[in-house]
Amino acid sequence: MNPDTQLPSAWTGWYIAVSKFVQAICNYLSLAGPAKPDELGLAMVACNTAADVVGTESERVRVSRTLSRAERDAKKLAADVVLPFPDQRAWKVLWWRASAVTNAIRDPRITEEMEDSLVETPLPKSPTLREVPCWDPECGLLTARDKTKRYRLPAERQRTILSAFQEEGWPTRIDAPLPEGVVNKAVANLNNAMEEMPLVFEMDGTGEGIIWGWREPENEAEDAR
């Protein structure tokens with residue numbers, strides 16, 4: 001790879017996630033007996049999440065056809081790995097398939113295709129380009145679009161929620177960082193504090209998570225009526 005070329009973090013993150021997913025498959029197959037597929041399941045979720053950040057399936061193919069094929073083959077392999085196999089021969093076939101996918105991941109054409117696509121195609125979506133708020137816990141300053149809010153009082157529960165979103169990169173949903181008995185009230189207070197901000201927070205309906213979104217401008221809300 002050209003040392004002057006800097007790949008978008010979303011693409012390299014996708015590559016790393018697929019590599020870890022394949023490694024999880026190999027770890028699963030290395031066990032002598034039945035194993036819990038927890039590691040495999042978590043790795044697949046991480047792989048899918050990283051792929052979603054890069055873009056649609058067609059965008060991912062333009063980024064790297066080799067990596068796209070490897071990801072597809074890994075998912076097919078993972079689906080077979082979690083099924084029970086009665087004989088050793090089937091297990092050896094899985095090992096052979098896992099080795100093939102591992103070799104594909106190591107194919108140097110992956111980085112070459114990614115580097116070429118920097119010139120040939122537009123940049124896919126990147127988490128660094130996604131519009132999200134910014135919370136500075138030390139200054140107690142929340143910035144969202146062209147608005148700012150400075151917390152001058154402790155409001156510890158509100159600050160805890162904002163810090164949790166900031167630490168996780170502002171995904172749409174986070175696990176509630178507060179006990180069940182206080183989180184609903186904390187979210188309600190947080191929303192009240194956002195009166196002048198373009199943000200809205202709410203529970204996700206399970207009692208275990210909090211979601212956020214951009215507040216719809218009043219003029220658009222009135223037009224929709």
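The values are calculated or read from the model by the stated rules, or taken from the named source; none is laboratory data. Because the structure is predicted, anything quoted here is derived from the model rather than measured. Here the Cβ is made from the backbone with ideal geometry for all residues, glycine too, and neighbour counts use every protein chain on show.
Here are the numbers for this structure:
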item	result
Strands (runs of 3 or more DSSP E) within segment 133-187 that include 3 or more residues among the basic types (Lys, Arg)	147-150
Single condition Ala164 does not satisfy, out of (1) loosely packed, with under 15 Cβ neighbours inside 10 Å; (2) of a type in the set (Gly, Ala, Ser); (3) within 28 Å of Val53 (Cβ to Cβ)	(1)
Residue within segment 62-74 that is at positive phi and modelled with pLDDT under 80 present	no
Matching residues, segment 50-92, being under 21 Å from Asn27 (Cα atoms) and of a type in the set (Val, Ile, Thr)	Val81, Val82
In segment 157-185, the residues that are in contact with a helix residue (DSSP H, G or I) (Cβ under 9 Å, 6 or more places away or on another chain), closer than 15 Å to Trp135 by Cβ and not basic (Lys, Arg)	Gln158, Thr160, Ile161, Leu162, Pro171, Ile174, Pro177
Qualifying residues in segment 82-111 (those that are farther than 14 Å from Ser68 by Cα and among the charged types (D, E, K, R)) - the one modelled with the lowest pLDDT	Asp87
Pairs, first at pLDDT below 90 in segment 200-220, second assigned to a loop (DSSP other than H, G, I, E, B), C-beta under 8 Å, six or more apart	Gly207/Ala176; Glu208/Ala176; Arg215/Met194; Arg215/Met197; Arg215/Pro198; Pro217/Pro198
Filter result (surrounded by 14 or more Cβ atoms within 10 Å (Cβ to Cβ), of a type in the set (A, V, I, L, M) and in a helix (DSSP H, G or I)) within segment 188-210	Leu190, Ala193
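Residues checked against (1) among the β-branched types (Val, Ile, Thr); (2) farther than 30 Å from Ala50 by Cα; (3) modelled with pLDDT under 95:
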| position | (1), (2), (3) |
| --- | --- |
| Ala155 | no, yes, yes |
| Gln158 | no, no, no |
| Ala176 | no, no, yes |
| Asp223 | no, yes, yes |
